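Each remark here refers to the structure printed beneath this line.
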Amino acid sequence: MNVTTILLIFLLGAVLTYVSGNKLASKIALGFSIMAALASFYLLQLYLANQNISFNGVWLQSPKVFLSLQADGISLAMVLLTTCLMPVIVLSSFGNIYNNAKSFYSLVLFMAFAMTGTFLATDGLVYYVFWELALIPIYFIALIWGNGSIESRKKAILKFFIYTLAGSLFMLIAFAYLYTKTGSFLWNDLVKLNLTSTEQTWIFLAFFLAYAIKIPIIPFHTWQAKVYQKAPTVGTMLLSGIMLKMGLYSVIRWQLPLAPLAAKTYMPYVLALSIAGVIYGSIVALKQKDLKKLLAYSSLAHVGLIAAGCYTLTQDGLSGAIAQMIAHGFVIVGLFFAAEVIYRRYDSYKIKDLGGIRSQTPKFSSLFLLLVLASVALPGTYNFVGEFTVLFSLYQINIWYAVFGGTTIILGAYYMLKMFQNVMLGETNTKAFADVNWTETFVFVVIIAFLLLYGLYPKPITDLVTPSVKEILTIINR
Amino acid sequence: MDTLIAIAGLGIVVLLAEVINLRKFIVPITVAGLLAILAYSWNNFNGTESFYNNMIIVNKFSLAFSSLFIVLSIFLIAMGGDFYKEHPTKFSDYISIKLFMLSGAVAMVSFGNMAMFFLGIEVLSISLYILAGSDRLNVLSNESGMKYFLLGSFASGIILFGICLVYGATGYFDVPSIYGLSQGAGLPVWFPIGVTMIIIGMLFKIAAFPFHFWAPDVYEGAPSLVTATMSTLAKVVAVATLYKLASNLMVELDYKTQILIVVISILTMTVGNFMALKQHNVKRMLAFSGISHAGFMLMALLSIKTVAANLFYYTAAYALAGIAAFAVIIYVSRSGRDENISSFNGLGKKNPLMAAVLTASLLSMAGIPVFAGFFAKFMLFSQTIAAGYLVVVIFGVVNSIVSIGYYFKLILAMYTKEDNTTENNKVSLIYSIVAVLAIVLNIIIGVHPNLLTSLL
């Protein structure tokens, strides 16, 4: 058994979901995502037992392209993030009724397929193909099943598509250029290249454009808030929970090892941009009147910090960033789900329409509060582990980075708690708020349990990731 | 050689079929005949051969491109069966003209003599002039035919003049001999002038900037199936011929010529794209998109020695996507609508299959992975980078991004706009079959590019 199993499960799932018809689609999709999750845990066991779970095949003779899918600690962590979140995301949509559900769930699974492929591919071109492939399903998910009037969302979503495609095409040029140098797209060959610093600068910038748009780092973030707001919640979860991790993962996997000199030269600028994103995102989040948009900006602030962690090029920075990617993936999915739960009952994301919910449903209220606290990195949650490690790594580079990056904790607590206060507390709302049903509770409990479990005992993930991080760091410092 | 004769023969058979009242069987016979010819030419291919004192040279290049042309013709003729059913008396004429055009196309990629090249281009062009004006009661079609004829024959004249100058300089019509002479120094100045004129004529045929002005009007006015022919088959033929001429007339493109190609290529793709952004008529939009694709294909001339396989792949990817797109467009126009973007409103709901095919073909043209258009662009880009022209590639990438703007306009219309009209004529199934087959072929070569690139 090797990593292709997960990909095949998702792909087969996408096809069967489409065939199964609208009524069964959601259940089939859930079944296949659970199967993928189980398969990935089994593969994890094999990997930990030092068995070979990679896959190598030839795709094209000329240009030489290998269907090379390899798992190391980092990519496996990301694959697990995807496969664990997928059942949660699919389950979270059970309360919604979608037109043409078979296409919807089929696209969702297809997207999971493409994202898993992105995390596993070690051949540049295969990686690029998966990377682009993930864009098509989310485009249609957001366009066809999104919120609000279609006129208002199509512009936002087209902008997102053009932005991301534009960025990644420059990455494609970079790959093409590297190919003319080595005659191979394989990661192993590419990292051995001795590029001059000018070449590295251009490669670094080309990759940076692609990733900065996807992550997003300011000033490339302008697509984000609108798309998060307009996409259906499942789409927003896929985007914020997994897809933007593709960008962060790619920084660690491709950008830094391929252009280490440039990464070191431009570190101050990139760190400054990332941290500016933290502060900017937090401040803009304070002013938001729309719950989903607020969460979008909070996400901007958090990923800014994760990106900063990646670009510190230190052991702590990278492993902290990976921890925070996983933690943020779970918490943001949970938060968007909370927004969706409210939307199902009040049909609004506007904060001024909400308030006074707590007294009607203490259960939901406490679950939501736990998520809010996790999101502001309360000690004991996995987010704390990630955020603290990243801030520590920033401190190692320069204390001022840590000081400004640390504002995320203060500002984050401020806007998240203020949001919680406005949305949940206050005088009892005149509209009735039905208590959360068991699927909704289950989704929350899974997410919170995960965050608390690894918050108290992060060792398994750290052990999984650390050797691979060390390996990448030796390549960067070669 | 046999291929050429067989295709012309098939054309005559089609004309005769009309006489002996076999009109119903014309399309099946033609399709079967073309498939047989395709199989025959692959089975009987054994290395490079020349016929009639080098008039025709059959080699891998000509074989591969001829096969592509035959496949495209099969699609086009299959759609012709339904498309021309309102004109039963002219039916056989239309189909046989298409076959004669195909014979011209095959001659254009397998010539070994400038005379044969000119014959080929004239057979192809005259067939197209007739077809463009074939909807004779429609003013637009008349305009289209007339414009195409006037400008096209002018371009043919320039090509002929160029051929004469080359003959004057070298004393040969024979291409290998000209190639041999062009290696040595001391050719008179009218040799390069002649070559330039030939190339200008060909740039007109592929609608490259600044010789592109005919394309939108001609495409818009011509009957949709003819537009499909012009924008897929005719364009691909012209590009292949241009490549063959450039690689056979000159040993090496000198620096100035290369810079010129860089400029023309960049301008062609940029002008085509930006004009396409403004269009409301789908045929005009695809005309401009075709212009910009011509710009991409011109990039191939920058690495002329090694690029044949990639160019072949690009043309195949582009033409298959084009056939699929036009099959859907004809489908929509046959159900009683015009060819404006608004006619595609709500197609995603009304006919999800056709909407999906059109989406896929547009994504292929835009160069999104798994569709053949992605590898086509990618291979051309990496080839051009290897030749040292990063600038063109960067322009190419920027243009790919711009092109998303208009390709997605159509996709958005299909999936986001509501359709208020209720008319729904029954449309023949053949368009769906052609559309699906073409897009499936496109995806197959997209997933497995070596199927095509290993042919050359």
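What follows draws every value from the coordinates through simple rules; no lab data is involved. Please read all numbers here as calculations on a predicted model, not as lab measurements. Note that each Cβ is placed from the backbone with ideal geometry, even for glycine, and that neighbours are counted across all protein chains shown.
Across the residues of A:173-181, average count of Cβ atoms on other protein chains within 10 Å?
Numbers: counts 9, 0, 3, 11, 6, 2, 4, 6, 1.
What the average comes to for A:173-181 is 5.
Any chance you could give the angle, 0 to 90 degrees and rounded to 10, that helix A:382-397 forms with the longest Cα principal axis of chain A?
The angle comes out at about 50 degrees.
DSSP beta bridges in the protein assembly as shown, what fraction antiparallel, as a percent rounded to 5?
On the way: 12 of 13 bridges.
Among the beta bridges of the protein assembly as shown, antiparallel pairing accounts for roughly 90 percent.
As a quick test, which of the pairs A:352/A:418; A:192/B:377; A:292/A:350; B:24/B:283 have an alpha carbon distance above 18 angstrom in this structure?
Among A:352/A:418; A:192/B:377; A:292/A:350; B:24/B:283, the Cα-Cα distance tops 18 Å for A:192/B:377; B:24/B:283.
What whole number of Å gives the distance from the Cα centroid of segment B:141-197 to the Cα centroid of segment A:213-231?
The two parts, judged by their Cα centres, are 54 Å apart.
Starting from the Cα gyration tensor of segment A:404-457, take the square roots of the eigenvalues, sort them a ≥ b ≥ c, and report rounded, prolate or oblate (rounded when a/c is under 1.5, otherwise prolate if a/b is larger than b/c, else oblate).
Values: a/c = 4.10, a/b = 1.15, b/c = 3.55.
Oblate, since a/c reaches 1.5 and b/c is not below a/b.
Whole Å is fine, so just give me how far the alpha carbon centre of segment A:53-120 lies from that of segment B:269-345.
32 Å
If you line up the long axis of helix B:114-132 against the longest principal axis of chain B, both from Cα atoms, how many degrees apart are they, to the nearest 10?
20 degrees
Do any of A:27/A:226; A:102/B:409; A:155/A:214; B:98/B:349 go past 27 Å between their Cα atoms, and which?
On the way: A:27/A:226 30 Å; A:102/B:409 25 Å; A:155/A:214 18 Å; B:98/B:349 35 Å.
The answer is A:27/A:226; B:98/B:349.
Sort segment A:175-318 into rounded, prolate or oblate with this rule: let a ≥ b ≥ c be the square roots of the eigenvalues of the Cα gyration tensor; rounded if a/c is under 1.5, and if a/c is not under 1.5, prolate when a/b is larger than b/c, oblate otherwise. Could the numbers behind the result be given before it?
Numbers: a/c = 2.66, a/b = 1.88, b/c = 1.41.
Prolate.
Compute the helix-to-body angle for B:282-298: its Cα long axis versus the longest principal axis of chain B, expressed 0 to 90° and rounded to tens.
It is inclined by approximately 30 degrees.
Using +1 on the beta carbon of Lys and Arg, -1 on that of Asp and Glu, and nothing else charged, what's the dipole of the protein assembly as shown about the Cα centre, debye to 20? Display every interim value, and only then the final one.
Numbers: 55 positive and 36 negative charges, 336 e Å.
In debye, rounded to 20, the protein assembly as shown gives about 1620.
Ranking request for peptides B:427-433, B:179-185: highest mean number of other beta-carbon atoms within 10 Å first, then the rest in descending order. All intermediate terms of the calculation are to be shown ahead of the outcome.
Details: B:427-433: 16.7, B:179-185: 12.6.
In descending order of packing, they fall as B:427-433, B:179-185.
Dipole of segment B:253-456 (Lys/Arg Cβ +1, Asp/Glu Cβ -1, origin at the Cα centre): which of B:343, B:267, B:291 lies farthest to the positive side?
The residue sitting farthest along the positive end of the dipole is B:343.
Please report the spacing between the Cα centers of segment B:368-416 and segment A:259-315 in Å, no decimals.
What the calculation gives is 30 Å, centre to centre.
So how strong a dipole does chain A carry about its Cα centre when Lys and Arg Cβ are +1 and Asp and Glu Cβ are -1, to the nearest 20 debye?
Its charge dipole is roughly 920 debye.
Sorting check: for B:385-395, B:276-286, B:32-42, which peptide has the highest mean count of neighbouring beta carbons within 10 Å, and how do the rest follow?
On the way: B:385-395: 17.9, B:276-286: 20.4, B:32-42: 16.2.
Ranking the peptides B:385-395, B:276-286, B:32-42 by packing returns B:276-286, B:385-395, B:32-42.
Search the structure for amide H atoms under 5 Å from the amide H of residue A:65, placed 1.01 Å from N in the peptide plane, and list their residues when 5 or more places away or on another chain.
Hits under the 5 Å cutoff: A:59, A:60.
If the cut-off is 19 Å between C-alpha atoms, which aspartates and glutamates fall inside it for residue B:90, apart from same-chain ones fewer than 8 positions away?
B:18, B:82, B:135
For the ranges B:334-341, B:357-364, A:242-249, what's the packing order if you count other beta-carbon atoms within 10 Å of each residue, average per peptide, and put the highest first? Numbers along the way, then the final one.
On the way: B:334-341: 16.0, B:357-364: 26.1, A:242-249: 24.6.
Per-residue mean Cβ counts within 10 Å order the peptides as B:357-364, A:242-249, B:334-341.
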